[in-house]
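Worksheet: the structure to be examined is printed underneath.
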Amino acid sequence: MPASFGRSHMNILRTRSAKTPAPALSSSMRLRVLLVIGMIVLPQVFFQPPPISLWIAFGLGWQFLHLTQRLPAPPRWLLILLMLGGMALVWSTQSTLIGRDGGVSFILMLTSLKLLEARNLRDARMVALLGLFLLFTLFLFDQSPLAALWSLLSFALLISLFNELSHNAEPRPLAASLQSSLLPMAYSLPLALVLFVIVPRPSAPLFGVPQATQARTGLSDELAPGSISQLSRSPELAFRATFQGQQPAQNQLYWRGPVFWGYDGQHWERLPPELAMLSEDQKARSIQAQSEVLDYSLMLEASHGTILPALDRPLNAPNHANLLADHSLRFRLPQDSRQLIELRSDPKAKLDSELPERLRKLSLQMPAADNPLLQDLAAPWRKLPAQERIQRALDHFKSENFSYTLEPPILQDQDGMDDFLFNTRAGFCEHYATAFVLLMRAAGLPARVVTGYLGGELHPDGYWIVRQGDAHAWAEIWLDGQGWVRIDPTASVAPERIEGGAAAAVPANANPLPAALRRDFGFLHHVRLRWDGVENRWNRWVLGFDASDQQKLLQALGWVGNQNLRLWGLVVLSLALSLVAIKLVQHWRAQPKRSPQQRVWLTFLKQLQRRGVEIISSESPRALLQRLHRQHPELAPLAAEFTEHYLRWCYANAATDAQTQARLALAQLKKQANA
């Protein structure tokens, strides 16, 4: 028998012993792992508290310096301390190790630690699996098209990394490795698009998972002087609005939010719950639509609250919201995901032609001892007609040198509106709305404060972008025969705010607004608008693609109907099975073909394993036979007979006779095992 037989023959079955150490990784492979994990982790750090982001950067940085031979590998005791410190840091910043925020922070910490101690192939595969999990957690924080593109590239790199780790050799150049993963992804893209269209859509958004509980910029259920001015510098998106048909003018875009009735001298409160709800009959009587009904849709950002802004004045509410007695809309539950909402409004609709007595009392109520100068100013107006009382208040703002400012001075705790009207004379929209409503109440007219948004920016694609910095407050006065009439006292002081937004009303010497609110930022603002258009289409047709959109698309394609759906389902299933079959055939063809001798030898080894014999990959047939004589003498005779005929079959001239005898001996061994 040739001397090389033992080495070449036992390559048929490579069963590595459990005690064999995992192959070590080369420095270039460890750098490749660091690169891929760094790509996956990079966008995550922007959604983590700064201490955790610094901690992750520290771990990745140490690994890079170690691989470039600038730092030694951290000892095990230091890794344990880093793990305990990281857990304490996550707990102190997130107050938990589970859930979206705490759980993702904890996994990020574990990944950076595992990367820091990765030395062999098994460690690298574990890090890659953690990276695969982290890749999908990014969509819990960000579902923008940029996040999707970044994740797609990271996924391609991760697949190429798995491919490199499966060979356990020096990694190929990054471009070549990436190409090997991009090609299969390109093949699967058409099938993914078809499945995206025809797979039944869930009733809830795909990424509508529980979100963070931290405070979020936006309208509030409380109002005090200064509360809306704090929003004036926020470029955060509130919603996008798309009108069907003619666009309204910007000065008509009053987006109605919370309405405030009760005033305690410092804060405004909403209508009590027992008065807020309306029956269907009361809704029909409280609002009288005119001829200017506008249909539009809102792509509303997640607010983590129940406020649903709508164009003044809303005529309907979606199924999961209510139209309240003050004609504002409210979700029944806090909304933690972006959603598309269809609404109808009539800016000229009449509200409450008849005012119930309880609401009349609330809309005239004011603290008796507060703001005596304000009450003295309005008392003589009680004898005047309603329209003249309103005009007297507006003329007061025009003639007394009032100014509009994003940074109003702090008012006195006691008699704050007296301080505003007769001393500071500088304020934001909520100051003017509050002062005007109190003046009207002191003059005997029912009045209330309405908050929401004013205006927005018209995108070249034809939809309106409304940001938190567009937050606004105005007043509504109840007049006999007209119902609630909107009066915006800010227009008396800063009419440019109504026509051109907050940026147009800010004095030249004031601190500048963010670029997204200035809307005059040249080339960069143009780029920002174009990117917003991309995001809007992504939100509308990808993230917002719901069951209704699917039904409309299938109808347009003629796929609607049980028979058609079954047919297309079979087509897609057949296509998917065909692709799987092709890949299986390619995989089978790529496998090395075993000779008849090899297949018989593998069957022999399996029979020995069933009888409790340990198989050692480096052992030759003769060595295996000697061990059987020592450890399993009951198997030795048949094993010796089989081995002799098997070796003759492989290397002697009498191949046919030896093959027959070897198979007979193997059959006897099987029969003995079954006896």
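A few notes on this one:
- Here r is the Cβ-Cβ distance between A147 and L71 and R0 is 35 Å; the resulting FRET efficiency, rounded to 0.05, is 0.60.
- Residue list for region 218-241, given a label point 7 angstrom along the Cα-to-Cβ vector of H459 and an amide N cut-off under 17 Å: 235-241
- Low-density loop positions, GluC sites (Glu not before Pro), region 399-472 - DSSP coil, at most 13 other Cβ in 10 Å: E400
- Total formal charge among the other residues, if their Cβ is under 11 angstrom from that of H320, Lys/Arg +1 and Asp/Glu -1: +2
- Gain in span if fully extended, Q387 to D295, counting 0.36 nm per residue against the direct Cα distance: 29.9 nm
- Cα lying deepest toward the dipole's positive end in the chain, options G481, S337, L60, charges on Cβ: L60
- Shape call, region 596-674: gyration tensor on alpha carbons, a/c limit 1.5: prolate
- Cα-based helix-to-principal-axis angle, 636-651 vs the chain, degrees rounded to 10: 90 degrees
- Extension gain for H525 to T96 (0.36 nm times residue separation, less C-alpha to C-alpha distance): 150.4 nm.
- Each helix, a run of at least 4 DSSP H residues, gives -39500 (n - 2.57); summed and divided by the residues of the chain, these come to -15500 deg cm²/dmol at 222 nm.
- Extension gain, V585 back to A556 (0.36 nm per residue minus Cα-Cα distance, nm): 6.7 nm
- Pair T306, K670: separation of 7 Å Cα→Cβ label points (nm): 7.3 nm
- D415 long-range amide H proximity, modeled H, under 5 Å: N371
- Put a plus charge on the Cβ of each Lys and Arg, a minus charge on the Cβ of each Asp and Glu, and nothing anywhere else: the dipole of region 20-198 about its Cα centre is then about 340 debye.
- In percent, rounded to a whole number, the relative contact order of the chain is 14, using alpha-carbon pairs under 8 Å and six or more apart.
- Cα gyration tensor, region 282-333 - rounded (a/c under 1.5), prolate or oblate: oblate
- 0 to 90° range, to nearest 10: angle between helix 174-198 axis and the chain longest Cα axis: 60 degrees
- Cut-off 10 Å between beta-carbons: net charge of the residues surrounding A473, Lys and Arg +1, Asp and Glu -1: -2
- Given K350/K398; K348/K398; K114/K606, the pairs whose alpha carbons are separated by over 30 Å: K114/K606
- Within region 361-389, backbone nitrogen closer than 20 Å to the virtual label 7 Å beyond the Cα of A224 toward Cβ: 366-372
- In this Cβ point-charge picture (+1 for Lys and Arg, -1 for Asp and Glu), the chain has a dipole of about 4840 debye about its Cα centre.
- Compared with the dominant principal axis of the Cα atoms in the chain, helix 596-610 is inclined by about 80°.
- For the pair Q609 and S353, label points projected 7 Å from Cα toward Cβ lie 8.8 nm apart.
- Toward the positive end of the charge dipole of the chain, with +1 on the Cβ of Lys and Arg and -1 on the Cβ of Asp and Glu, the farthest Cα among A118, P309, L81 is that of A118.
- Simple label model, 7 Å out from Cα along Cβ direction - A369 to S595, nm: 10.9 nm
- Given [x] 308; [y] 256; [z] 177, the label whose value is volume of the Cα convex hull per residue in Å³ derived from this model: [y]
- Net charge contributed by nearby residues that have their C-beta within less than 12 Å of M29 (K/R +1, D/E -1): +2
- Gyration tensor verdict on region 20-198 (Cα atoms; rounded if a/c is under 1.5, prolate if a/b is larger than b/c, oblate otherwise): oblate
Every number here is computed from the coordinates shown, using simple stated rules; none is lab data. These figures come from a predicted structure and were not determined experimentally. Don't worry about glycine lacking a Cβ; one is built from the backbone with ideal geometry, like all the others, and counts go over all protein chains shown.
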